[in-house]
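Novice: Take a look at the following structure, please.
The values are calculated or read from the model by the stated rules, or taken from the named source; none is laboratory data. These numbers were taken from a predicted model, which means no experiment stands behind them. A quick note on method: Cβ atoms are made from the backbone with ideal geometry, for glycine too, and the neighbour counts reach across all protein chains shown. SASA here: full protein model, heavy atoms, side chains in, ligands and nucleic acids out. Shrake-Rupley method; radii C 1.70, N 1.55, O 1.52, S 1.80 Å.
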Amino acid sequence: MKAVIMAGGKGTRLRPLTCKIPKPMVPIAARPMMEHIIHLLRRYSLTEIGVTLFYLPELIKNYFGNGADYGVSLRYFVEENPLGTAGSVKNAADFLNETFLVISGDALTDINLEAAIDFHRKKKALATLVLTKVEAPLEYGVVITDEEGRIRRFLEKPGWGEVFSDTVNTGIYILEPEVLSYYDKDKPVDFSKDLFPGLLAKGEPLFGYVADGYWSDVGNLEQYRQANYHMLSGRIRLPIPGHEISPGIWAGEGAEIEHGAVLEPPVLLGEYCRVKKGARVGSLSVLGNYSFLEEESTVKRCILWNHVYLGAYTEARGAILASYNHVKHKAAIYEGAVLGDGCTVGARSLLKPGIKVWPGKYIESGSVVNNSLVWGSSCSNNLFGNLGVDKTANIELTPEFVAKLGAAFGTNLTEGHRVVVGVDNCQPARILKQALIAGIMGSGIDVFDLGTLSTAATRFAIVTLGAEAGAHLRISPTNKENVLIEFFDGQGLNIDRNTQRRVEQAFFTEEFRRVSRDKMGGLAYVPRLLEDYVEKMLSAVDVEIIRNSAFKVMVKPDSSCLSILLSTVLEKLGCTVRHCEVDAAVAGSHQEEEKISVVVREISALMPTEDVDLGVVVDQNAEKLILIDEKGNRLDDRCFTALLTLLVFKHSQKPTMAVPVYASQAIEKLAEKHHGNVVRTKANARSLMEMVVTEKIFPGQDGKSHFQPNFDSVFSLAKILELLAKEKMSLSQIISELPSFYTIQKEVQCSWEDKGRIMRTLFEESKEHEIETTDGLKVFHDQGWALVLPDAEDPVFQIYTEATSKEAADALAKMYMGRINEMQIR
């Protein structure tokens, strides 16, 4: 059988290590990744090998030649333009005249290929995908198979709400040559995104073989470190170069260890490596060929490539040094630091943890390097949480961090595009806004500075001004020590996960667009935006009927512009506004939720004794609306959604309502009664907003949905007042006529590593029930339903249940919480 190694990858997430070499040439245990793959193929007698190339192909061809030195025969197929995984293999079609195996040249695995091939032949498959189980499946292609191994579904890099299995695609395939006839040559085609879903749709025999053994796609620098550590610790059944000169210590030809040097296994010394007396090589360290450790130098958990020199008394801890690095005496390089090819680190220099240095840099003696070279500071694996980038002000979210974030966001837009930026009235957010704007403008993007306003008004400004994107900075709703930065697309919607990934990619690789000084973005200020916002809002509301009702509304006043906005809108709607004074001590509350709860209690206590129609509490960002009826009862989120739904079903030309997957079944009951249509969306804000725009729910006079009722409390209040006026009923009367259901939300802690396995198990256990997989796993029972939703930001599951009684809803919640806890104990 023949094999194809796909070796065209750039490995951008491994930069600066891959700035000068393709990813398959990155060494693991002093041997290029592709060389490990060739050894694996030869182990299973796969010696006729085609190699697909694109990025820096000559480096691979020059290293491996015709393959004779490795006991195989290699034939190369170079792409002029990127063709995707399947397209690159089609490029080698003339070579593939029998069943063949495809494997990535930039991953690390010891999977039993013979067992996979036997499975393929036994099943008489057209294509067999080799699968493996991983702890965190989000960054991979999840594959769902039945009991026979036949593939039933693909999920390409799913969100937590789509994870029904922890079984992922390894990129190893056994294919019949006929598969190449299903797509055209010289066109970009991807196996997992294009070809395999197409074969599945056609009903072709497509199988998945779940393999034991080690597999890693070595997708980032941390995974690269771990792959080296796993090789040394014996977790991978692949040969380690050199000879084991003592237990756990491997040394290549010509390696020299002077008397007095200390080596703590497991370690690997490459060919002609030299360790001087007094030098110490700690466990889990790799020293590449011709590396040199001077006297009293120490390395621990470090990966050194070829021709690396460490001067006397130098220290390196958990660092990665690419080839031809020269580190002079008494320098220190700390945990997570990465140096690209050919750098010089001056004497007594200090490289702080996590910094990255691009190839060819010279660091002067005595330097303290706190930030990566060329730009920015150290970074974590993810930027975005549930709402946006939410970090501690001026500790994690520093001005330099935010400027870099702005540059990453701007780089993903087209030069000359326009971005609006708004901010709330908290001082840290206002300072950081300037850094964000500078970073965006540096990438050639024009900026409209909106000043101080709500997130809803920033969304409105994007559409009104015809901008291509936007951003808003505000105090975090979960922690007043944090600042939250939200990013929006040209429709005013939170950017999608693909855009988030591209921003993160630019941020982590520090590949920013740096335009010439005459092409840097311009800055403009927008006058009268709030006036336009109010005017457009009122044009989407039946103002006259509300004025005729002369509602009396109780609110909590403060000095912010958002409070002034609320009062302005209520007055324009002909409402009488009464103020509820709240104890000043509430202002010192750490969390906004605590402040809101106190205000709600005080307004609720006053309502029965005051001649008012409803009480209103709005959060400081004018995003969340809490209503209190004339009897002092607080309306829960279920009632709020039902009120908006009722308005749409009874008083709009298009009776369609979008609600998240966890919303009450009362919405469907209202739809049945009023002949409406319900669209369920994923739980995230983006999905709900997108559907509101698509379905043109609550459009303005121009037919566009400038307003998002679930995220704009002032607009929502105006629409609910319109409903009360049209129905000629009090708030409590309308609520009493809504369908009655009991909804419970709970939270269960769960490690990230267990999430995928637990979701797969729950999915398999629920096959006898009606299920819905819009987001998470929603299971319908006789007494109600339960939704298990993996949280995207925290190591927890969100559990939603609903039934016709509180006891039944509580019982469902306890059942699923107990099952999740039980599976974690195992």
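Novice: Just to confirm the number: angle between the C-alpha axis of helix 529-539 and the first principal axis of the chain, 0 to 90 degrees, nearest 10?
Specialist: 60 degrees
Novice: Let me ask you something else. How much accessible surface does SER652 have with a 1.4 Å probe, in Å² rounded to 10?
Specialist: Here the residue's solvent-accessible area equals roughly 50 Å².
Novice: Measuring with a 1.4 Å probe in the full set of protein chains, what accessible area per residue, in whole Å², belongs to segment 291-423?
Specialist: Working: 4970 Å² over 133 residues.
Using a 1.4 Å probe on heavy atoms only, each residue of segment 291-423 averages 37 Å².
Novice: If one puts a single equal scatterer on every Cα of segment 160-225 and applies the Debye formula without solvent, what log₁₀ I(q)/I(0) results at q = 0.12, 0.16, 0.19, 0.22 Å⁻¹?
Specialist: Normalising to I(0) and taking log10 leaves -0.46, -0.77, -1.00, -1.16.
Novice: For segment 372-487, take N as its residue count and report Rg(C-alpha) divided by 2.2 N^0.38 Å. Numbers along the way, then the final one.
Specialist: On the way: Rg = 13.2 Å, N = 116, 2.2 N^0.38 = 13.4 Å.
Normalised Cα radius of gyration, segment 372-487: 0.99.
Novice: With all protein chains present and a 1.4 Å probe, how do SER104, SER297 order by accessible area, largest first? Intermediate values should be presented prior to the final figure.
Specialist: On the way: SER104 20, SER297 0 Å².
Final ranking, largest accessible area leading: SER104, SER297.
Novice: Leaving out ligands, DNA and RNA, what percent of the accessible area of segment 775-826 is carbon and sulfur, probe 1.4 Å?
Specialist: Working: 1140 of 2200 Å².
After summing per-atom areas, the C and S share lands at 52 percent.
Novice: Let me ask something else about it. Expressed in whole Å with the largest first, what are the equivalent ellipsoid semi-axes of segment 718-826 derived from the C-alpha gyration tensor as the square root of 5 times each eigenvalue? Please report the intermediate quantities before stating the final value.
Specialist: Working: eigenvalues 230, 49, 31 Å².
Taking √(5λ) for each Cα gyration eigenvalue gives 34, 16, 12 Å.
Novice: Right, here's the next one. Can you tell me the relative contact order of the chain? Whole percent, Cα pairs under 8 Å, sequence separation 6 or more. Mind dumping the intermediate values first?
Specialist: Details: 1872 pairs, mean separation 65.8, N = 826.
This gives 8 percent for the chain.
Novice: Please compute the per residue accessible area over segment 1-119 with all protein chains in place, 1.4 Å probe, rounded to a whole number of Å².
Specialist: Working: 4080 Å² over 119 residues.
That works out to 34 Å² per residue.
Novice: Using a 1.4 angstrom probe and counting only protein chains, how large is the accessible area of GLU764 in Å², to 10?
Specialist: 100 Å²
Novice: Need the C-alpha centroid separation for segment 262-302 versus segment 10-81, integer Å.
Specialist: Cα centroid of segment 262-302 versus Cα centroid of segment 10-81: 27 Å apart.
Novice: Mind checking the per residue accessible area of segment 425-575 for me, 1.4 Å probe, whole number of Å²?
Specialist: Numbers: 5990 Å² over 151 residues.
Dividing the accessible area of segment 425-575 by its residue count gives 40 Å².
Novice: Right, next: Could you tell me whether segment 98-237 comes out rounded, prolate or oblate from its Cα gyration tensor? Rule is a ≥ b ≥ c as square roots of the eigenvalues, rounded for a/c under 1.5, then prolate if a/b exceeds b/c, otherwise oblate.
Specialist: On the way: a/c = 1.61, a/b = 1.42, b/c = 1.13.
Since a/c reaches 1.5 and a/b is larger than b/c, the shape of segment 98-237 is classed as prolate.
Novice: Can you give the percent of C-alpha pairs in segment 764-826 whose distance is more than 18 Å? Don't skip to the end; give the middle numbers.
Specialist: Numbers: 695 of 1953 pairs.
Every Cα pair in segment 764-826 considered, those over 18 Å come to 36 percent.
Novice: Now for a separate question. So for segment 305-404, averaging the separation of alpha carbon pairs under 8 Å that are six or more residues apart and normalising by length, what relative contact order in percent results? Intermediate values should be presented prior to the final figure.
Specialist: Values: 237 pairs, mean separation 17.4, N = 100.
RCO, segment 305-404: 17 percent.
Novice: Could I ask something else about it? Let me know the whole percent of all Cα-Cα pairs from segment 239-311 that are separated by more than 21 Å. Please list the in-between numbers first.
Specialist: Values: 187 of 2628 pairs.
It works out to 7 percent of all Cα pairs.
Novice: Can I ask one more? With a 1.4 Å probe and all protein chains left in place, how much of the accessible area of segment 51-160 comes from carbon and sulfur atoms, in whole percent?
Specialist: Numbers: 2130 of 4740 Å².
Of the solvent-accessible surface of segment 51-160, carbon and sulfur hold 45 percent.
Novice: Hey, what angle do you get for helix 221-232 against the long axis of the chain, alpha-carbon based, 0 to 90 degrees rounded to 10?
Specialist: That works out to roughly 40 degrees.
Novice: In segment 593-672, which GluC sites (Glu not before Pro) fall in coil by DSSP and have 10 or fewer other Cβ atoms within 10 Å? Mind dumping the intermediate values first?
Specialist: Values: sites: GLU593, GLU594, GLU602, GLU610, GLU623, GLU630, GLU668, GLU672; in loops: GLU610, GLU623, GLU630.
Sparse-neighbourhood loop GluC sites (Glu not before Pro): none present.
Novice: Next up: Placing +1 at every Lys and Arg Cβ and -1 at every Asp and Glu Cβ, with all other atoms neutral, what dipole size does the chain have around its Cα centre, in debye to the nearest 20? Provide the component values of the computation, followed by the final result.
Specialist: Details: 91 positive and 107 negative charges, 262 e Å.
For this selection, approximately 1260 debye.
Novice: Same structure, new question: Given N residues in the chain, what is Rg(Cα) / (2.2 N^0.38 Å)? Write out the running numbers ahead of the final one.
Specialist: Working: Rg = 30.6 Å, N = 826, 2.2 N^0.38 = 28.2 Å.
Working it through for the chain, the quotient is 1.08.
Novice: Segment 740-768 to segment 385-404: how many Å between their Cα centroids?
Specialist: Comparing the Cα centres of segment 740-768 and segment 385-404, I get a distance of 31 Å.
Novice: Next up: Can you tell me the equivalent ellipsoid semi-axes for segment 280-356? Use √(5λ) from the Cα gyration tensor, largest first, whole Å. Walk me through the numbers before you get to the answer.
Specialist: Values: eigenvalues 39, 36, 33 Å².
Ellipsoid half-lengths, sorted descending, are 14, 13, 13 Å.
Novice: In debye, nearest 20: dipole of segment 388-441 around its Cα centre with unit charges on the Cβ of K, R (+) and D, E (-)?
Specialist: Values: 5 positive and 5 negative charges, 22 e Å.
Using only the charged Cβ atoms, the result is roughly 100 debye.
Novice: For helix 399-411, report the angle its Cα long axis makes with the longest principal axis of the Cα atoms of the chain; keep it between 0 and 90° and round to the nearest 10°.
Specialist: Between helix and principal axis, roughly 90 degrees.
Novice: Heavy atoms only, 1.4 Å probe, whole protein assembly: order ARG459, ARG42, ARG601, ARG501 by accessible area, highest first. Write down the numbers at each step before the final one.
Specialist: Working: ARG459 15, ARG42 100, ARG601 145, ARG501 55 Å².
In descending accessible area the options line up as ARG601, ARG42, ARG501, ARG459.
Novice: If you average the sequence gap of Cα pairs under 8 Å that are 6 or more apart and divide by the length of segment 772-826, what percent do you get for the contact order? Provide the component values of the computation, followed by the final result.
Specialist: Values: 65 pairs, mean separation 13.1, N = 55.
Once divided by the residue count of segment 772-826, the mean separation gives 24 percent.
Novice: Give me log10 I(q)/I(0) at q = 0.12, 0.15, 0.20 Å⁻¹ for segment 215-270, Debye formula, one equal scatterer per alpha-carbon, no solvent.
Specialist: Log-scaled intensity ratios, in q order: -0.33, -0.49, -0.78.
Novice: Counting other Cβ atoms within 10 Å, keep those with at most 10, restrict to DSSP loop, and tell me which trypsin sites (Lys or Arg not before Pro) in segment 170-203 are left. Each step should come with its number before you reach the end.
Specialist: Working: sites: LYS185, LYS193, LYS202; in loops: LYS185, LYS202.
Passing both the DSSP loop test and the Cβ count: LYS202.
Novice: Summing -39500 (n - 2.57) over the DSSP H runs of n ≥ 4 in the chain and dividing by its residue number, what mean residue ellipticity at 222 nm do you reach, to the nearest 500 deg cm²/dmol? Let's see the in-between values first.
Specialist: Values: 21 runs with 242 residues, N = 826.
That calculation yields -9000 deg cm²/dmol at 222 nm.
Novice: For segment 20-112, which GluC sites (Glu not before Pro) are both in a DSSP coil and crowded by at most 12 other Cβ atoms within 10 Å?
Specialist: Working: sites: GLU35, GLU48, GLU58, GLU79, GLU80, GLU98; in loops: GLU79, GLU80, GLU98.
Here the sparse-neighbourhood loop sites are GLU80, GLU98.
Novice: Can you list the equivalent-ellipsoid semi-axes of segment 389-453, largest first and in whole Å, using the square root of 5 times each Cα gyration tensor eigenvalue? Spell out each step's value before the answer.
Specialist: On the way: eigenvalues 77, 41, 12 Å².
Listed largest to smallest, the semi-axes of segment 389-453 are 20, 14, 8 Å.
Novice: Here's a follow-up. How big is the accessible area of SER372 in square angstrom, nearest 10, if you roll a 1.4 angstrom probe over the protein chains?
Specialist: In the full protein context, SER372 sits at about 0 Å².
Novice: Strictly over 26 Å apart at the Cα level, which of LYS361/LYS404; LYS10/LYS328; LYS536/LYS696 would you flag in this model?
Specialist: Values: LYS361/LYS404 20 Å; LYS10/LYS328 31 Å; LYS536/LYS696 16 Å.
Over 26 Å Cα-Cα: LYS10/LYS328.
Novice: Right, here's the next one. Around GLU294, with a cut-off of 14 angstrom between Cβ atoms, what is the net charge of the other residues, counting Lys and Arg +1 and Asp and Glu -1? Write out the running numbers ahead of the final one.
Specialist: Working: positive: ARG274, LYS276, LYS277, ARG280, LYS328, LYS330; negative: GLU256, GLU258, GLU295, GLU296, GLU315.
With Lys, Arg at +1 and Asp, Glu at -1, the neighbours total +1.
Novice: Treating only the Cβ atoms of Lys and Arg (+1) and Asp and Glu (-1) as charged, compute the dipole magnitude of segment 716-801 about its Cα centre; round to the nearest 20 debye.
Specialist: Values: 9 positive and 16 negative charges, 68 e Å.
Charge dipole of segment 716-801: 320 debye, to the nearest 20.
Novice: Round to a whole number: what % of the accessible area of segment 598-722 belongs to carbon and sulfur, probe 1.4 Å? Don't jump to the answer; show the numbers that get you there.
Specialist: On the way: 2220 of 4740 Å².
Carbon with sulfur: 47 percent of the solvent-accessible area.
Novice: In the chain, with Lys and Arg counted as +1 and Asp and Glu as -1 at Cβ, which of these residues, LEU383, TYR63, VAL661, has the Cα nearest the positive end of the dipole, that is, farthest along it?
Specialist: Value computed over the given set: TYR63.
Novice: Cα extents of segment 421-537 along the three principal axes, largest first, in whole Å?
Specialist: 41, 36, 27
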